[in-house]
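Down below is the structure, laid out as structure tokens.
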Amino acid sequence: MEFSVLCTRVNVLILLLALCSPCKFIQSPVDIGPLNFHQTTNTASLDFGRIIFNSPSAVLRPLSPKEISFLLRILSASSFSKVTVAARGAGHSIHGQAQALDGIVIEMDSMPSSISIHKNVDSGFSYADVSGGTLWIELLEESLKFELAPRSWTDYLYLSIGGTLSNGGISGQTFKHGPQISNVLQLDVVTGKGEQVTCSHTESSELFFAVLGGLGQFGIITRARILLQDAPQKVKWTRAFYDDFDTFTRDQELLVAMPNMVDYVEGFIVLNEQSLHSSSIAFPSHLQFSPEFHSKGSYKVYYCIEFAIHDYQLKNTTVDQVVTEILKKMSYIPSHFYSVEVSYFDFLNRVKLEENSLRSRGLWEVPHPWLNMFVPKSGIKEFKDLLLDNISPSDFEGPVLIYPLLRDKWDANSSVVLPDGEAVVYIVGVLRSANPATCSTQCLTDLLQRHRHVEQAAATNPQIGAKQYLAHHRTQDQWRNHFGRNWDRFAARKVRFDPLSILAPGQGIFPRTY
Ligand code: FAD
């Protein structure tokens with residue numbers, strides 16, 4: 001087909017999208033030359049949060065970055081069009097961030113999954129080239145065939161490479177290796193103008209850093225080069241319990257100061273019997289721990305540190321000797337330390353067992369009013385008190401994660417914003433499920449309001465000074481506050497790489513211009 005004819009047909013489609021929106025005029029897959037549009041799919045207006053359901057007018061399932069580039073070139077050249085575009089990875093956002101109301105959703109899982117592993121290249125390091133819609137579990141499975149694995153993870157692996165790199169990608173390895181965005185060597189990106197750019201720390205670096213943690217605002221990641229390390233075979237996975245918050249955080253900070261011995265550090269608040277049970281599904285050890293939640297007329301919570309050690313790093317010592325050495329320095333409740341040895345794969349894939357258990361009880365596909373906050377070390381105790389005052393610990397469903405990260409592992413050029421100042425910053429994940437059987441629409445609204453109250457109180461109280469991770473804000477002013485002194489850079493990058501604000505409308509940062 002002649003390019004000009006093709007352009008006309010695509011323009012007609014765009015025009016229709018612009019004029020008919022929000023009517024659903026596409027009844028079945030529409031073949032516009034190389035662009036294969038579908039009527040909106042069930043998944044395109046759905047995410048893990050199940051709070052926001054914005055339907056697009058069309059869904060594109062591209063087979064190559066060229067198709068994405070082609071679409072964005074047309075859209076950015078058509079001054080009449082108000083169409084927006086959202087890349088959708090695995091759709092595990094909470095607040096519709098991968099949705100595009102009356103726009104076009106690009107389902108990245110349609111791209112042929114390509115993972116190529118490069119072991120011990122020139123300077124001795126190894127990496128994987130992966131397409132943006134690939135899931136981290138797929139990369140793990142493939143790289144383990146070469147006895148390699150990425151260094152930095154999220155707790156859950158059924159998330160897309162492009163989706164987590166657009167946010168940060170945090171887990172218990174982050175204190176040691178930085179977030180996932182600190183472990184990327186190169187990206188292929190299609191910008192909002194439709195340009196296909198290969199970028200890295202040294203090549204088109206402004207785009208590279210903009211896209212990392214950039215909330216999908218600057219371009220669509222079609223390929224990422226991820227740093228790999230030698231994979232351990234086994235992991236010693238441990239848990240220690242606490243009844244005192246200061247002791248718990250002091251021990252966590254002690255552990256993250258020992259990166260030569262420790263490979264993973266997380267922790268969670270034991271809010272009730274149920275939270276102890278559900279967080280232990282994947283931990284194959286019988287816990288002899290029966291905490292007394294009602295104590296001296298008040299409600300008491302407990303804390304758990306999780307740390308892990310890989311088996312490969314040790315030369316003249318065993319994993320058990322290292323654990324013993326570490327435990328001497330820790331102050332958990334005597335006799336409440338537990339450890340198990342599991343395969344590296346099972347350790348990384350531990351949340352899958354929780355997913356399976358929740359699915360079997362019909363509790364996975366329910367609304368998830370989550371709140372994730374970065375909290376400076378100096379404000380963590382006050383934040384914990386604020387949170388507990390607002391969440392009704394006795395009937396809370398879901399985990400509350402809390403563990404320290406080290407600022408110097410984050411590249412300040414990336415788009416992520418951490419709270420200003422301190423070297424140690426905690427991540428707190430309030431990962432609540434709202435079972436519709438016990439929590440109605442009004443109850444869900446109340447929970448969301450309570451989280452918003454906590455988020456605002458924690459952001460505006462100078463004693464806490466927290467910022468959201470996986471942020472959700474309603475107005476541009478709130479986003480301006482969120483980015484603080486980095487707002488001007490963020491906005492300037494937007495003008496440079498997506499001047500018409502076509503991309504990732506579900507984040508609600510920049511209105512579409514035309
Ligand atoms: P989507 O929801 O599909 O997209 C998220 C955003 O990224 C959207 O704005 C979208 O437009 C954009 N986007 C998607 N793909 C691309 C691309 N290729 N290029 C550019 N932009 C793109 N996060 C952590 O850091 N650590 C955790 O341990 C962790 N655990 C989680 C556990 C569960 C069960 C869930 C549901 C989420 C968890 N998350 C965690 C959050 C998760 O990292 C983010 O929600 C992430 O965005 C999910 O990836 P996704 O592929 O589902 O993204």
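Look through Gly96, Gly89, Gly103 and report the one residue that is within 13 Å of the ligand (Cβ to nearest atom) and within 20 Å of Ile137 (Cα to Cα).
Of the residues listed, the single one that is within 13 Å of the ligand (Cβ to nearest atom) and within 20 Å of Ile137 (Cα to Cα) is Gly89.
Out of Leu386, Leu444, report the one residue that is within 23 Å of Glu253 (Cβ to Cβ) and of a type outside the set (Phe, Trp, Tyr).
On inspection, the qualifying residue turns out to be Leu386.
How many residues, within region 157-174, are more than 6 Å from the ligand (Cβ to nearest atom) and part of a loop (DSSP other than H, G, I, E, B)?
4
When both residues are 6+ apart or on different chains and their Cβ atoms are under 8 Å apart, which pairs have a first residue that lies in region 143-167 and is acidic (Asp, Glu), and a second that is within 14 Å of the ligand (Cβ to nearest atom) and assigned to a loop (DSSP other than H, G, I, E, B)?
Cβ pairs passing all conditions: Asp155/Ser171; Asp155/Gly172.
Going through region 141-156 one residue at a time, which ones are in contact with a helix residue (DSSP H, G or I) (Cβ under 6 Å, 6 or more places away or on another chain) and away from the ligand (no atom under 12 Å from the Cβ)?
Matches in region 141-156: Ala149, Arg151.
Enumerate the strands (runs of 3 or more DSSP E) found wholly within region 86-156, keeping only those where 1 or more residues are touching a Pro at 6+ places or on another chain (Cβ under 8 Å).
Counting at least 1 such residues, we get 104-107, 126-131.
Condition first: at pLDDT 95 or above, within 16 Å of the ligand (Cβ to nearest atom) and under 23 Å from Asn481 (Cα atoms). Can you find one or more residues in region 396-405 that meet it?
yes
Taking region 117-140 only, how many residues are more than 15 Å from the ligand (Cβ to nearest atom), under 15 Å from Leu187 (Cβ atoms) and surrounded by fewer than 23 Cβ atoms within 10 Å (Cβ to Cβ)?
Counting residues in region 117-140 that are more than 15 Å from the ligand (Cβ to nearest atom), under 15 Å from Leu187 (Cβ atoms) and surrounded by fewer than 23 Cβ atoms within 10 Å (Cβ to Cβ) gives 1.
Only residues that are within 21 Å of Gln507 (Cβ to Cβ) and either among the basic types (Lys, Arg) or assigned to a loop (DSSP other than H, G, I, E, B) (or both): list them for region 63-85, please.
Of everything in region 63-85, those that are within 21 Å of Gln507 (Cβ to Cβ) and either among the basic types (Lys, Arg) or assigned to a loop (DSSP other than H, G, I, E, B) (or both) turn out to be Ser81, Lys82, Val83, Thr84.
Here are Ser339, Ser335: which of them is farther than 16 Å from Leu157 by Cβ, more than 16 Å from the ligand (Cβ to nearest atom) and buried (at least 18 other Cβ atoms within 10 Å of the Cβ)?
Within the list Ser339, Ser335, the selection yields Ser339.
Which ones in region 301-328 are over 23 Å from Tyr242 (Cα atoms) and in a strand (DSSP E or B)?
His310, the sole residue that qualifies.
All but one of (1) surrounded by fewer than 20 Cβ atoms within 10 Å (Cβ to Cβ); (2) at pLDDT 95 or above hold for Phe293; state the number of the condition that does not hold.
(2)
The values are calculated or read from the model by the stated rules, or taken from the named source; none is laboratory data. All values reported here derive from a predicted model rather than from experimental measurement. Please note: Cβ atoms are built from the backbone with ideal geometry, for glycine as well, and neighbour counts cover all protein chains shown.
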